[in-house]
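Please treat every number below as a calculation from the coordinates, not as lab data. What you see is a predicted model; the values in this text were computed from it and never measured. Here the Cβ positions follow ideal geometry from the backbone for every residue, glycine too, while neighbour counts run over all protein chains shown.
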Amino acid sequence: MDALQVTRRLSMSDVTVDVSQEEAERQLTVCNSCRYCEGYCNAFKALTRYRSFDKPTVSHLANLCHNCRGCYYACQYTEPHEFRINIPALLANVRAQNWEQHIKPLWLSRTMQASVWPYVLLTMVFVILFSVGAGVSWASSVPFYQSISHNTLISIFLPLFLLPWIAVFFGLKSYWKSVGGSRLTRHDLSFAFSSAATMKQLNGGQGQGCNYEAGDRYSNYRRWAHQATMYGFLFCFISTSLGTVYHYLFDLPAPYALFSLPKLFGVVGGLMLSVGTAALIYLKNRADTALGAAGRVAGEYAFVVLLFLVSTTGLLLYWSQGTVFASSWLIVHLALIATFFVSIPYSKMVHGFFRIAALCREAQIQRLS
């Protein structure tokens with residue numbers, strides 16, 4: 001059985017594939033010789049700089065790739081050709097290996113990327129914590145902020161928020177060192193964040209869209225879904241930050257009126273996040289799993305579903321205020337948020353941070369070349 005057939009079979013299973021350096025060099029060398037896809041995206045533009053592909057270079061190219069899959073459908077060397085080129089799957093597997101190897105502990109990162117069960121178990125543990133440990137009733141119309149005290153929320157969520165970011169920080173530090181990153185400049189950060197904000201590479205780099213869910217046809221739906229998800233998440237983060245400022249700086253504790261800034265950002269962000277993640281789930285269901293990271297499909301679904309449930313239960317909590325369902329949605333919503341915080345370094349959520357780092361490194365290389 002040849003290498004691509006193995007990859008295709010394993011992509012459908014729960015087995016995690018480690019891409020060999022030899023296979024990465026082989027496929028990238030073929031691409032560099034052909035260069036048909038040279039203008040497709042940042043990854044291919046960067047690829048043309050190199051004559052050989054060591055491990056740091058492969059890691060850098062992998063984290064520039066957005067898995068738009070345009071190169072696969074344009075390629076004349078995919079299976080059944082003897083070259084068996086499958087760059088989307090190759091780089092997707094390298095990316096997943098990067099996240100697992102640089103974010104410690106490795107076993108937790110690998111487990112949460114490969115299975116839905118860690119998310120389920122964590123959510124159940126936190127449901128018990130909030131319903132039994134914090135004493136929140138399952139059937140009560142008591143307002144949110146009277147069901148559980150502010151100090152209790154802080155004591156639970158502060159470590160759950162800070163500890164994952166420590167893991168992300170050291171993981172990114174390890175990755176940055178591995179790809180030869182140097183001191184960041186304002187230009188590097190500007191290049192990285194402007195590219196991430198517009199998600200230019202999700203339109204195939206040409207403006208026509210990518211081929212993620214549509215095969216050899218172009219579509220911008222994945223880009224729009226990602227933008228709705230990203231900006232919805234940012235709006236929710238802004239809402240929480242504004243609430244913190246109001247509470248501690250202006251001595252204005254919650255609840256806030258509908259047309260207050262925390263509430264507006266929260267409701268709009270929640271709606272965008274729900275719509276964006278629902279669209280991503282739909283598109284992922286239509287995509288060819290043989291062109292993604294092998295053995296990580298379940299974990300990818302679990303994380304996107306988790307984001308969808310976090311935003312949707314937050315909206316249901318808001319709309320159910322004054323009813324006996326309010327406290328039930330509160331328990332579930334808080335448990336899902338806690339699971340999300342724990343999963344930040346170990347789920348596909350971390351891809352955004354590694355991509356920002358790769359874009360910063362790309363800016364450095366372009367600036368120094």
Where in the range 42-135 are there trypsin sites (Lys or Arg not before Pro) that are in a DSSP coil and have at most 10 other Cβ atoms within 10 angstrom of their Cβ?
-> Arg51
Check the chain and count each lysine pair with an alpha-carbon distance under 30 angstrom, considering only pairs eight or more places apart or from different chains.
-> 24
Normalised by the number of residues in the range 59-121, what is the relative contact order in percent for Cα pairs under 8 Å and 6+ residues apart?
-> 27 percent
Cα→Cβ-extended label distance, 7 Å offset, between Glu25 and Phe169, nm = 3.7 nm
Note, ³J(HN,Hα) from phi for the range 306-320, Karplus 6.51, -1.76, 1.60, rounded to Hz, x at Gly and Pro = 4, 4, 4, 5, 4, 6, 5, 5, x, 5, 5, 4, 5, 6, 9
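Decide, for the range 113-236, between rounded, prolate and oblate: order the square roots of the alpha carbon gyration tensor eigenvalues as a ≥ b ≥ c, take rounded if a/c falls under 1.5, and otherwise choose prolate if a/b is larger than b/c, else oblate.
Cα axes put the range 113-236 in the prolate bin.
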With θ set to phi - 60° and the Karplus curve 6.51 cos²θ - 1.76 cosθ + 1.60, what are the ³J(HN,Hα) couplings of the range 326-341 in order, to the nearest whole Hz, using x for Gly and Pro?
-> 4, 5, 5, 5, 5, 4, 5, 5, 5, 5, 5, 4, 4, 5, 4, 4
Over the Cα atoms of the range 67-168, how large are the radius of gyration and the largest Cα-Cα distance (Dmax), in Å?
-> 22.0, 67
Given Cα pairs under 8 Å that are at least 6 residues apart, what percent is the relative contact order of the chain?
-> 29 percent
Rounded to 0.05, the calculated FRET efficiency for the beta carbons of Tyr36 and Ile365 at R₀ = 22 Å is 0.45
Have a look at the chain and give its Rg and Dmax from the Cα atoms, expressed in angstrom.
-> 21.8, 69
Under 12 Å from a point 7 Å along the Cα-to-Cβ line of Asp216: which residues of the range 70-84 have their amide N that close?
-> 73-76
Note, ³J(HN,Hα) from phi for the range 33-46, Karplus 6.51, -1.76, 1.60, rounded to Hz, x at Gly and Pro = 6, 7, 6, 4, 9, 3, x, 6, 7, 4, 4, 6, 5, 5
